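The values are calculated or read from the model by the stated rules, or taken from the named source; none is laboratory data. Keep in mind it's a predicted model, so treat the numbers as computed, not measured. Don't worry about glycine lacking a Cβ; one is built from the backbone with ideal geometry, like all the others, and counts go over all protein chains shown.
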Amino acid sequence: MLVRRPVRAFLGLAVSVMLLSACQQPTKAGDATAEAVEIQEIPKPSEYMDTNLPENAPTYLVGTMGSYAPMEFRDEYGQSIGFDMDIIYAIAARQKFHINVLTHPWDGILHTLNTGERDIIISSVNLTPEREEVYQFSQPYFALQDVLLVKTTNDKIHSFEDLVANKSKVSTLKGSAQQTNIMQLGVTENNVIPSDSQFIALKAMFADSSEAVIGDGPVMDYYALSYPEVPTKRLTLPDAPTQYFGIAVKKGNYELRDKLNAGLKQIHEEGIYDRIYFKWFHKPVPKDFLPWANG
């Protein structure tokens, strides 16, 4: 198990000192120059973060993409926030370990587990047989389906079958499960536009560089609501199976995986998971959302 000494996250106070100009009225000798100190407190990246963990608790380096709202994205202070972040902070609080969250581009993020640059990856990682051969995963912590967004003004595409028949271009996150899925369902490689982030893939559709953008359902729904000035219609893949996100660690790191699973079980039993879900998606957790939690 890779354990590091605690690394204090950037959670302190941002202090700005403003020197107010002296009053223009004549002053007596010895009068103090007027000064004011404005202290602005930077909020914690998650309300579920425990700031009272012991100093000797282990610290794990957590990798996330940081550009996949509402799952993980940056706030105005540059801190990673979102559904994924609340989940991992809540787990860490209950399993008594510190985390230091570091961003990394999606392409190659899982490989950082093998190089030792990260201990945990929580970044909307779809569970696939290929990934599970190379990395160790927690139990699923989120269920979803792939979703396509197409401009409502596009009269040629009303289904995924239309998209394939018209040889339409589709933008997607490079190296994602969606890129593989659409090619298996008939979209040729020449018509796939891989992008470095999901937002760049979305912008390609906005700019008509692609006719559709595909991504994880909750992220696509978030973007559709965030950009009402570009009305879109929501399409799904034919017979799309339910997919799951998992938290990844290095292959064979059963101790850390077991901590993550135990933490997931705790936050589910305590109702914390339900509160986090409602916070970010404004609706209750769907029935039978997490298969392992049904018992």
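Here are the numbers:
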quantity: Selection count, the range 76-117, where residues are among the acidic types (Asp, Glu) and under 12 Å from the mean Cα position of the chain (by Cα); calculated: 2
quantity: Subset of the range 264-287 that is β-branched (Val, Ile, Thr) and in a helix (DSSP H, G or I) - its residue that is surrounded by the fewest Cβ atoms within 10 Å (Cβ to Cβ); calculated: Ile272
quantity: Members of the range 235-263 found to be out of contact with any strand residue (DSSP E or B) (no Cβ under 8 Å at 6 or more places or on another chain) and assigned to a helix (DSSP H, G or I), listed by number; calculated: Glu255, Asp258, Lys259, Asn261, Ala262, Gly263
quantity: Answer residue from the range 136-161, given it is touching a residue at least 40 places away in the same chain (Cβ under 8 Å) and acidic (Asp, Glu) and is farthest from Val219 (Cα to Cα) among those; calculated: Glu161
quantity: The one condition in (1) part of a loop (DSSP other than H, G, I, E, B); (2) without any contact (Cβ under 8 Å) to a residue 40 or more places away in the chain; (3) in contact with a Gly (Cβ under 9 Å, 6 or more places away or on another chain) that Val164 fails to fulfil; calculated: (1)
quantity: Contacts under 9 angstrom Cβ, first residue in the range 284-295 being without any contact (Cβ under 8 Å) to a residue 12 or more places away in the chain, partner surrounded by 13 or more Cβ atoms within 10 Å (Cβ to Cβ) and part of a helix (DSSP H, G or I), 6 or more apart; calculated: Pro284/Asp274; Pro284/Tyr277
quantity: Set Val192, Val219: member being free of Cβ contacts under 8 Å to residues at least 40 places away in the same chain and not assigned by TED's automatic domain parsing to the domain that holds Ile87; calculated: Val192
quantity: Residue list for the range 109-134, filter: hydroxyl-bearing (Ser, Thr, Tyr) and either in contact with a Cys (Cβ under 9 Å, 6 or more places away or on another chain) or surrounded by fewer than 22 Cβ atoms within 10 Å (Cβ to Cβ) (or both); calculated: Thr112, Thr115, Thr128
quantity: Yes/no for Glu211 being among the charged types (D, E, K, R), farther than 30 Å from Gly116 by Cβ and modelled with pLDDT of 95 or more; calculated: yes
quantity: For Trp106: the one exception among (1) touching a strand residue (DSSP E or B) at 6+ places or on another chain (Cβ under 8 Å); (2) surrounded by fewer than 19 Cβ atoms within 10 Å (Cβ to Cβ); calculated: (2)
quantity: Residue match in the range 203-213 (condition: touching a Gly at 6+ places or on another chain (Cβ under 8 Å), in contact (Cβ under 8 Å) with a residue 24 or more places away in the chain and not assigned by TED's automatic domain parsing to the domain that holds Thr103); calculated: no
